């Protein structure tokens, strides 16, 4: 950003927050402000725009330290409520993935391949204070002699619990349909044959990365709302793809940026971290994520003022094209159209349904707004911005 485009700094915004006179608005409010007052007046008036999203984020999980025992143990295999965790971290650390299914899932016994309980549900149960059956095996060494561990634990019993999600907050995502003659079951939900429904997964104008399409404010150390507590962006996420086709407003038209995020699981709430079972696909974890966007420049103000009618995504056939690597989308539709309840594809009016909760996204943006206004949430300047286009 050039100096003429700059309006304020992080320090100036945080000083206003401390003084209680910072102007904080949600992303939905900013769209109206920019529309009514124009970009320049909006930029001078607003200090921070808050965002939010709440949706299944499959690339999620938790690092859990289970505590040492006597005699000591170096676990090689670990289970939480029969859900396998990765134990190759030495001693008593493990990583529990949200999509890992239970080895003893009753639904899988009746319907092979179907799961109703997995890592995401374990994480939610821990947050609810429920007892979890912990089991572990080890091969035994001179310094770690024990070979087995079995006991019930709660989140309070764990010395360390870190929610660490390698890929969250996708910047745009596909709208899924099915043109085949059979129903298909996907991570985008059940898709009826013959273009009879469409699903999508974004909060649109409320979504964090839609409000900072070129990653001018988000990077290592950005403080965020995560699972009902304060967390941090720790780097760009896996499958981060900044070099994609963009609209005239600079917003990606296809799945693009992602974030790696983490925070103290013990500070979080089951209201904002929920285990999910998706029919025919498996388990996941719905995560509440919100990011404050500081209005440092006219460019950022303009981006936060883009509404659903100017945010577009691609419609993809998950019955054939997605699994066979066909890259040409069937159409492009706006989030205003998706949120209206129906879209038109190949001359058909198709009902739409979100996997992302706009209601909860709006609540997150409001919570973040109030926390900043109350001075309990200060903005943090990134140590390094996540990679943008052509970097």
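Just so it is clear, none of the values below were taken in a lab; they were calculated from the coordinates. Not measured: the values here are computed from a predicted model. Methodologically, a virtual Cβ is constructed for each residue, glycine included, from the backbone with ideal geometry; neighbour enumeration extends over all protein chains shown.
For the reader, a short list of remarks on this structure follows.
- Going from the residue with the fewest nearby Cβ atoms within 10 Å to the one with the most, 86, 117, 139 rank 139, 86, 117.
- Between residue 336 and residue 147, the distance separating the two model label sites (each 7 Å from Cα on the Cα→Cβ line) works out to 6.9 nm.
- Rh by Kirkwood over Cα pairs, then Stokes-Einstein D for segment 140-238 at 1.002 mPa s and 20 °C, µm²/s: 118 µm²/s
- Each part reduced to its alpha carbon centroid, segment 313-391 and segment 169-215 end up 8 Å apart.
- Virtual paramagnetic centre 7 Å along Cα→Cβ of residue 182, amide N under 17 Å, in segment 305-333: 318-324
- Dividing the convex hull volume of the alpha-carbon atoms in segment 158-212 by its residue count gives 124 Å³ per residue.
- Counting every other Cβ atom within 10 Å of each residue's Cβ, 240, 320 order from fewest to most as 320, 240.
- Among 293, 24, 367, sorting on how many other beta-carbon atoms sit within 10 Å of each Cβ, with the fewest leading, yields 367, 24, 293.
- The slack in the chain from residue 249 to residue 133, taken as 0.36 nm per residue of separation less the alpha-carbon distance, amounts to 36.7 nm.
- Just so you know, the averaged projected area of the alpha carbon convex hull for segment 67-158 sits at 5.9 nm².
- Length-normalised contact order of the chain in % [C-alpha pairs under 8 Å, at least 6 apart]: 25 percent
- A straight line joining the Cα centroids of segment 22-75 and segment 223-242 runs 8 Å.
- Per residue, the convex hull spanned by the alpha carbons of the chain comes to 154 Å³.
- Per-pair calculated FRET efficiency, R0 = 56 Å: residue 35 and residue 264 via Cβ, rounded to 0.05: 0.90
- Model label zone, residue 376; criterion: amide N under 19 Å from point 7 Å along Cα-to-beta-carbon; scope segment 256-280: 263-273
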